[in-house]
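Quick notes on the structure that follows.
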Amino acid sequence: MKSKFSFVLTLFSTMLLLCIGFLLLTFAEKESRPSGNENRMLQGFPELSGENILSGNMSGEFENFLSDGFFARNLLIGVSDNCLGVFSCQTEEDIALLEGGNDELQGLVDGQTGTSDDEQPEGGAVQTAPDNDGADSAPGDSAPADDENYDELPEDGGELEEVDPDSAAQSENYGFYFRKANGKLGMVFTTLESNRRKTARALNAYRAELPEDGNVFYMMIPLKRNYSPIRNDDKYVGWYSNVEDSLREQTVDGVHVLNVPEILEPHLDEDIYFPIDHHWSALGAYYVCEELMRIQGLPMAPYEEYNYKKVYGHNYNTGVKGWFDIIYPLQKVNTTKVYQKVKEMDAVFVDYSSEFYTAFFNGRILPWTKIETGYSTGRKALVIGDSFANIFTPYLCPYYDEVHMTDVRENHYDQRECGGWIADLIEYHGIDDVYILMSYANAANSPTSYKRLEQCLHG
Amino acid sequence: MVFSSLTFLLLFFPLVLLFYFLRSDLKWKNGVLLVFSLLFYAWGEPVWILAMIVSVIINYACAIGIDRSKSKTARRLLLTAGVIVSVAMLFYFKYAAFLFNSFTGIFGIAAELPVLKLPIGISFYTFQVLTYTVDVYRGKAPVMRNLPRLMLYISCFPQLIAGPIVQYADVCNELSDRTSTAEGFVNGMRRFAVGLSKKVLIANVCAMALEQIPLAGEGEMSVLGAWYAALLYSLQIYFDFSGYSDMAIGIGEILGFRYKENFNYPYISRSVSEFWRRWHISLGSFFRDYVYIPLGGNRRGTVRTIINLLVVWSLTGLWHGADWNFALWGAYYGVLIVLERFVLNKIISKLPGAVTIFTTLILVMGGWVIFYYTDLSAVGTHLLAMIGLQVREGSLAFASLADEVTMAVIRKYTFMPLLAMIACLPIVPAVKKWLGGRHQKLTNAFANVFFIAEMALSLLFIIGQSYNPFIYFRF
């Protein structure tokens, strides 16, 4: 016998494990619930049905239940991450490189190669920029918050393929361009006809789910990296996009495709992008919303009348600092996270203490966010978007009783978490208008637009 | 259920121990163990437990028939029946679709069999059932008339789903007579903790690093990326599988079973043959005792020995999976072992140890590349990148020496792969030998601290990091 103490210690450890197990069974949260930190639903106690047991699902769900319900889970995750990082020589550039590989990057890769599910590129330098919304999480998150980490398009725009405006108007060249001082266009990216066709088909499918007077508004928003060269390099004097023309030709009445570059072009010398990361600013979003309301014949309060807070923020990856506006809705709203269709829990609309774009919804709008605006208009809206939707939504509040939000990007929309496909939820919540707004990382050549939008509607 | 799950660590395992040691009579202990073992298996796949039970019952009946029969023909027929039933089940679940689809693919026939979901552990328990029937036939072990006890031998949870493959002759006595001691409990728990930490702290971290490197088919591979990925996978699979074996052996020791070692520092081998004497020892023993020797082993001349070796290694490859890469992997080792045995043996014995260990490591890493990809073109791409080449627009070109992503991964996971490489060396046996039984109290105290630290850190990582599947489960 090695020693009595060793035996007692080992026995005690084993029994301690059992005690933890029973305490978890007794006290862990039994209900499934969303986690803001992890951006997913945490597992509740599994369903004890014959079907669930025989399929083997219960064992996995039970394991997740123990793991998700573990005491001080977030703390333990942090500690284990720190343990892994103790002997790491990782640099900030490494973080940007490795953690940037989320689904927006998938959009980038698809865009660069210009491939779609069933078609090869039609020619032209097809290139889109990543969004990297993964960066929008809490401080300490190691994901890059700045599209400038990706340098396919340098600050000065680099040497872009030059085309005549006439040439750009041809179908195979529908894309996004910089206007050059010499009257030519510098091609930033073109889009594939098949991707445009599928995106238009998805938009039409959304329209079909709405009431007769319902509308679908689709907006593709340039990233800051599509804007910086114009601010920084004299050879560029503006931007130009004609992808929208193609979509308009293929969509039905009630689908409105806004040309965001066209709307923002007169304001390119204003601060329409965040100084510290890749998102658009409250001002940029305001201009687009103003146009939306003009289309619908609705008035909009001047920009100055909204509530803003000037925040001196910084990008925790790049260290870039600067002032920016956080916009609050005109009147107090009630925000909840909705999951499994009918379950709700309180959520934060604007985090007053935040110094980041994550001020809105803690950077996440998952699985489904409902904002009760306090207005009585008899209409409800659904905003489907990536993180660019967050700063835009406050402007919609005065026009709807409820504004719902969700995100269809890969690994973001989960039918089980949401309690149905989007068509079910449009019907359940009585949605009248749908706003779909994506940054270029998730629009244009991204499968988020040409595939996920439609997939998430009906499954 | 896997050993490194919270369900096992916090509920199943402590409850097994609690009930197991509640009474001291063996009937109770075997009963508890059988019930919990069946629960352990059924937890993930309740339906497939029937396949295992059917296999055991048929072999139980065959073995009793073999024992009772005096006719040699009848005994042989019963043995054949038992073997065919067991192998047919394995074939049906694991190989039928692969062979059928390969056949139709080669001849351009428009027909396809769906790939069935493999019952967990079928490759392991089929072999164990076979060892029982064959051992009884050979008179190497007594027949087991107690069906629940035979069921316990097959289904005993520590070795049920990922080995080690326990031969019936090795444990038949322990099924009816074994003792559990306090020392066995302490040693077993310590061994379990070592295995758990190998799996959770090392194998899983290597897997996380590997996941981030651009592999063949995911972009252009650099020479550094190809080598680093091969190294990481070599470390991951070793710590994953040897960790599982450590846990199984540790639990066995607590329960009074003495399972044989399954790994013996394979990455210090001086030849491929030696590597396979140190890697997955129970599988090597099985193929030696139940396939190679019955085929005639090396007793029937050089040509027959070569054929036997190639057959055994092809089967070893296919045992790991129904895919062409596994067949290639087996054939690769078959050819290497034949070469070593008949051509290179004398040269290897004259070379310095460092050279032979290094060469063996390179060959083994190459083997793991074949093992990793089920797509053979990806195997080719990766192996070419390891020698600095790539196929670009249909012709060979030089691959880049390094890429940013691999460099970033190396910087991110600086410590664990280094620690893993050190842990591949037989440092603990060397220290034990050096101590020679001195400083018992100190080493015991150190072992206690190490045990607590391993358990706590493993638990922390299981909760904090999500990557947790056992590689060997799929076999």
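Of the residues making up region B:177-235, those that are under 30 Å from A:F12 (Cβ atoms) and in a helix (DSSP H, G or I) number 24. Given the criteria within 18 Å of the chain's Cα centre (by Cα) and either within 14 Å of another protein chain (Cβ to nearest Cβ) or of a type in the set (A, V, I, L, M) (or both), does B:A141 qualify? Here the answer is no, as B:A141 does not meet what is asked. Pairs linking a residue in region B:255-270 that is closer than 18 Å to B:L152 by Cα and touching a residue at least 24 places away in the same chain (Cβ under 8 Å) to a residue that is in a loop (DSSP other than H, G, I, E, B) and of a type in the set (K, R), with Cβ atoms under 9 Å and 6 or more positions apart or on different chains, are B:L255/B:R178; B:G256/B:R178; B:F257/B:R178; B:R258/B:R178. Restricting attention to region B:21-35 and to residues that are in a helix (DSSP H, G or I) and surrounded by fewer than 20 Cβ atoms within 10 Å (Cβ to Cβ), the residue that is farthest from the other protein chains (Cβ to nearest Cβ) turns out to be B:K27. Residue check: is A:A285 in contact (Cβ under 8 Å) with a residue 12 or more places away in the chain, of a type in the set (G, A, S) and in a loop (DSSP other than H, G, I, E, B)? The answer is no for A:A285. The single condition among (1) assigned to a helix (DSSP H, G or I); (2) of a type in the set (S, T, N, Q); (3) at pLDDT 85 or above that A:N362 does not meet is (3). Candidates in region A:47-70 are the residues that are in a loop (DSSP other than H, G, I, E, B) and over 30 Å from the mean Cα position of the chain (by Cα); of these, the one that is farthest from the other protein chains (Cβ to nearest Cβ) is A:E47. Residues that are more than 11 Å from chain A (Cβ to nearest Cβ) and modelled with pLDDT under 90 within region B:447-468 comprise just one, B:Y467. Residues that are more than 25 Å from A:A285 (Cα to Cα) and touching a helix residue (DSSP H, G or I) at 6+ places or on another chain (Cβ under 9 Å) occur in region A:209-225; there is at least one. Please go through region A:236-252 and pick out each residue that is surrounded by 15 or more Cβ atoms within 10 Å (Cβ to Cβ) and part of a loop (DSSP other than H, G, I, E, B). If the condition is that a residue be surrounded by 15 or more Cβ atoms within 10 Å (Cβ to Cβ) and part of a loop (DSSP other than H, G, I, E, B), then A:N242, A:T251 are the ones that fit. Once region A:383-431 is narrowed to residues that are outside any loop (DSSP other than H, G, I, E, B) and of a type in the set (G, A, S), the residue that is farthest from A:A347 (Cα to Cα) is A:A423.
Scanning region B:146-176 for residues that are touching a helix residue (DSSP H, G or I) at 6+ places or on another chain (Cβ under 7 Å) and outside any helix (DSSP H, G or I) turns up B:C156, B:I161, B:A162, B:G163, B:P164, B:I165, B:V166, B:Q167. Screening A:V260 with (1) farther than 13 Å from A:Y218 by Cα; (2) within 20 Å of the chain's Cα centre (by Cα) gives one miss only, at (1).
Taking A:T377 as the residue in question, decide whether it is surrounded by fewer than 24 Cβ atoms within 10 Å (Cβ to Cβ) and either within 13 Å of the chain's Cα centre (by Cα) or of a type in the set (A, V, I, L, M) (or both). No. The set of residues from region B:47-91 being assigned to a loop (DSSP other than H, G, I, E, B) and surrounded by 18 or more Cβ atoms within 10 Å (Cβ to Cβ) comprises just one member, B:W48. Residues being at pLDDT 85 or above, in contact with a Pro (Cβ under 7 Å, 6 or more places away or on another chain), in a helix (DSSP H, G or I) and within 14 Å of another protein chain (Cβ to nearest Cβ) are represented in region B:399-407 by at least one member. Among residues of region B:36-47 being over 17 Å from B:L17 (Cβ atoms) and not small (G, A, S), the one that is farthest from the other protein chains (Cβ to nearest Cβ) is B:L38. Counting only helices (runs of 4 or more DSSP H) wholly contained in region B:287-385, the ones carrying 3 or more residues that are buried (at least 20 other Cβ atoms within 10 Å of the Cβ) occupy B:302-320, B:324-339, B:353-372.
In region A:48-85, which residue that is of a type in the set (D, E) and modelled with pLDDT of 85 or more is farthest from A:T336 (Cα to Cα)? So that I can check it myself, show each step before the final result.
Initially, region A:48-85 is screened for residues of a type in the set (D, E), giving A:51, A:61, A:63, A:68, A:81.
After this cut, where a residue has to be modelled with pLDDT of 85 or more as well, the list is A:61, A:63, A:68.
Working: A:E61: 25, A:E63: 28, A:D68: 21 Å.
The selected residue is A:E63.
Here is a yes/no grid of residues against (1) modelled with pLDDT under 90; (2) away from chain A (no Cβ under 14 Å):
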{"position": "B:I161", "(1), (2)": "yes, no"}
{"position": "B:V171", "(1), (2)": "yes, yes"}
{"position": "B:E183", "(1), (2)": "no, no"}
{"position": "B:A193", "(1), (2)": "no, no"}
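B:I410 meets the conditions (1) aliphatic (A, V, I, L, M); (2) surrounded by fewer than 17 Cβ atoms within 10 Å (Cβ to Cβ); (3) more than 24 Å from B:N325 (Cβ to Cβ) in every case but one. The failed one is (2).
When B:L18, B:L10 are checked against the criterion of being part of a helix (DSSP H, G or I), surrounded by fewer than 16 Cβ atoms within 10 Å (Cβ to Cβ) and within 14 Å of chain A (Cβ to nearest Cβ), B:L18 stands alone in meeting it. Taking the criterion of being outside any helix (DSSP H, G or I) and under 24 Å from B:V83 (Cα atoms), would at least one residue in region B:243-258 satisfy it? There is no residue in region B:243-258 that is outside any helix (DSSP H, G or I) and under 24 Å from B:V83 (Cα atoms).
Answer with yes or no whether B:M189 is crowded, with 18+ Cβ neighbours inside 10 Å and in contact with a Pro (Cβ under 8 Å, 6 or more places away or on another chain).
no
Evaluating B:A423 against the criteria (1) among the small types (G, A, S); (2) surrounded by 15 or more Cβ atoms within 10 Å (Cβ to Cβ); (3) free of Cβ contacts under 8 Å to residues at least 60 places away in the same chain leaves one unmet condition, (3).
Filtering region A:253-280 to residues that are crowded, with 22+ Cβ neighbours inside 10 Å and part of a loop (DSSP other than H, G, I, E, B) leaves A:F274, A:I276, A:D277, A:H278, A:H279.
Scan region A:220-235 for residues that are assigned to a loop (DSSP other than H, G, I, E, B) and either within 24 Å of the chain's Cα centre (by Cα) or buried (at least 19 other Cβ atoms within 10 Å of the Cβ) (or both) and the total you get is 3.
The values are calculated or read from the model by the stated rules, or taken from the named source; none is laboratory data. Note that the structure is predicted; figures quoted are calculated from it, not measured. Using ideal geometry, Cβ is built from the backbone for each residue, glycine included, and neighbour counts are taken over all protein chains shown.
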